[in-house]
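**Student:** Input: one structure, supplied below.
Laboratory data are not the source of any read-out in this text; all were calculated from the coordinates shown. All figures in this text were calculated on a predicted structure; none of them were measured in a lab. Glycine also receives a Cβ, built like all others from the backbone with ideal geometry; neighbour counts cover every protein chain displayed.
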Amino acid sequence: MSDSRSHRPWRTHGPLPVAILCVLALAGCGASQEEDAASPSLDVVPALHDALPRSVQDSGVLRFAGDSHPPFRSVAADGSVTGIDADLQKALGRVLGVRTEIKIVNNLPAALQGMLSGRYEAFNGPVQATAERERQFDTITWMTSRTAYVLPKSSKAGVSSADDLCGRKVAVVKSSVVEGQLKKLSAYCTGKGDRATTAIGLDDTNATLLAARSGRADAAGMTQAAAIDVTGAQKDTYTYVTQTEQQGATTDNLALLVPKDGGLGPVVHKAFQELVDNGEYRRVMKHWGLTDVMVDEPVLNIAGEEG
């Protein structure tokens, strides 16, 4: 996807040690001036760099886990990753004065376990901020969303609204926020005397779409942001319906997660606030057509606040 952002050189808030300056370049100290000039203008905040855990400062790398989940993460045949994650993580890295890396994993449980075992420092979701998760992770809520259900236009299932999914099979990513929302839809169905929905748990969004396209499932459940991306890219192939509040839907607080141990969460929260303040957050969300699900400011551990 083309990027219409304006390009200006980097600015800093003051002198930084040579070692840190080397980390800030996209490809290390060998990055050319031409590459650096082509970067978005984002301020490095030395105080935030200094507040990072020592292990991150020493490595100069913030490691993210992520599953295949367009438009958050689209994985090319060569393994390169594009999407909201790639843009926001790069921006966070520049504010924090470190390089960011993303490792594609099979599913959400793999991302969570990978963080707890120290293989990765963060996961950008989309994952719901819940009180249960906040016992192990700091959550930084940076967008909201509703649940949508994508259907092949060739489907004969006769689904014109989420109400028509009662008694149907729906493919969802295992352990995702959508899986929880589908349970609420199923409860709504049985509450009105209809048949329950059947969840088919799969590893990633691509697998759920394949299940719907092949007829294994009647629909693929996903965040509304992902549904907008899928149907926008394949207008002739897919359409979607959205779950309503009457059908049990709630507005989901979707968050970036980091393990509580080590103190990284409050630092990343402040870095995200920098992206809001300098306009980079809005620019990225607008670029991906997601201004409707933006938050006014990132919130640290929102589930705990609500409790």
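**Student:** Select from Lys235, Lys103, Lys192 the residue whose mean-square fluctuation is largest in a Gaussian network model of the chain (Cα-Cα springs shorter than 10 Å).
**Tutor:** Ranking Lys235, Lys103, Lys192 by mean-square fluctuation puts Lys192 first.
**Student:** For a quick check: with amide H placed at 1.01 Å from N, whose amide H comes under 5 Å from Phe137's, ignoring anything fewer than 5 positions away on the same chain?
**Tutor:** Result for Phe137 returns Lys260.
**Student:** What list of ³J(HN,Hα) values in whole Hz, one per residue of the stretch 137-145 in order, does the Karplus curve 6.51 cos²θ - 1.76 cosθ + 1.60 (θ = phi - 60°) give from phi, with Gly and Pro shown as x?
**Tutor:** 10, 7, 10, 10, 6, 10, 7, 10, 6
**Student:** Another one. Set the Förster distance to 41 Å, then compute FRET efficiency between Leu116 and Asp194 from the Cβ-Cβ distance, nearest 0.05.
**Tutor:** It comes out at approximately 0.55.
**Student:** Cβ neighbours within 10 Å, averaged per peptide: list 177-188, 140-151 in order, most packed at the top.
**Tutor:** 140-151, 177-188
**Student:** Once phi is turned into θ = phi - 60°, what whole-Hz ³J(HN,Hα) does the Karplus curve with 6.51, -1.76 and 1.60 give for every residue of the stretch 62-70, x standing for Gly and Pro?
**Tutor:** The phi angles translate into 10, 9, 10, 9, x, 8, 6, 7, x Hz.
**Student:** Moving to a separate point now. Go ahead and collect, in residue order, the members of the stretch 202-230 whose backbone nitrogen is under 15 Å from a label point 7 Å along the Cα-Cβ direction of Thr251.
**Tutor:** So the set is 224-225.
**Student:** While we're on this one: Give the share of C-alpha pairs in each 10 angstrom bin for the chain, from 0 to the last occupied bin, in whole percents, shortest bins first.
**Tutor:** Values per bin, smallest distances first: 6, 27, 33, 21, 10, 3, 0.
**Student:** Moving on. Can you work out the FRET efficiency for the pair Ala187 and Asp58, with r the C-beta to C-beta distance and R0 = 35 Å, to the nearest 0.05?
**Tutor:** E(calc), rounded to 0.05, equals 0.10.
**Student:** Still on this structure: Looking at the calculated P(r) for the stretch 147-242, what percent of the C-alpha pair distances fall above 16 Å?
**Tutor:** On the way: 2139 of 4560 pairs.
Of all Cα-Cα distances in the stretch 147-242, 47 percent exceed 16 Å.
**Student:** Placing +1 at every Lys and Arg Cβ and -1 at every Asp and Glu Cβ, with all other atoms neutral, what dipole size does the chain have around its Cα centre, in debye to the nearest 20? Intermediate results must be reported in sequence, preceding the final value.
**Tutor:** Working: 31 positive and 36 negative charges, 161 e Å.
Dipole of the chain, to the nearest 20 debye: 780 debye.
**Student:** By per-residue mean of other Cβ atoms within 10 Å, what is the highest-first order of 129-137, 287-295?
**Tutor:** In descending order of packing, they fall as 129-137, 287-295.
**Student:** Given Cα pairs under 8 Å that are at least 6 residues apart, what percent is the relative contact order of the stretch 147-242?
**Tutor:** RCO, the stretch 147-242: 45 percent.
**Student:** Moving on to the next point. Using only the C-alpha atoms of the stretch 44-107, find the volume of their convex hull and express it per residue in Å³. Can you show the working numbers first?
**Tutor:** Numbers: hull volume 5.2 nm³, N = 64.
Spelled out: Cα convex hull of the stretch 44-107, divided by residues, is 82 Å³.
**Student:** Give the long-range amide H neighbours of Asn253: residues separated by 5 or more places, or on another chain, with amide H under 5 Å away, using H modelled in the peptide plane at 1.01 Å from N.
**Tutor:** Sorted by chain and number, the residues that satisfy this are Ala129.
**Student:** For Ala76 and Ala51, what does the FRET efficiency come to when R0 = 25 Å and r is the distance between their Cβ atoms, rounded to the nearest 0.05?
**Tutor:** FRET efficiency, Ala76 to Ala51: 0.15.
**Student:** Test of understanding: extend the Cα→C-beta vector of Ala233 to 7 Å, then name every residue of the stretch 43-87 with backbone N under 18 Å from that spot.
**Tutor:** Residues passing the 18 Å test: 66-87.
**Student:** Additional query: Which whole-number percent gives the relative contact order of the chain, counting Cα pairs below 8 Å spaced six or more residues apart?
**Tutor:** Relative contact order comes out at 23 percent.
**Student:** Hey, another quick one. Which one, Phe123, Ser175, Phe72, projects farthest toward the positive side of the charge dipole computed for the chain from Cβ point charges (K/R +1, D/E -1)?
**Tutor:** Ser175
**Student:** Order these peptides, 273-285, 159-171, 84-96, by their mean beta-carbon neighbour count within 10 angstrom, highest first. Walk me through the numbers before you get to the answer.
**Tutor:** Values: 273-285: 17.9, 159-171: 19.6, 84-96: 22.8.
In decreasing order of mean packing, 273-285, 159-171, 84-96 become 84-96, 159-171, 273-285.
**Student:** Continuing with this model, one more query. Taking amide H positions as placed 1.01 Å from N in the peptide plane, with prolines and chain starts having none, which residues 5 or more places from Ile200, or on another chain, fall under 5 Å of its amide H?
**Tutor:** Those lying under 5 Å, H to H, from Ile200 are Val170, Ala171, Val172.
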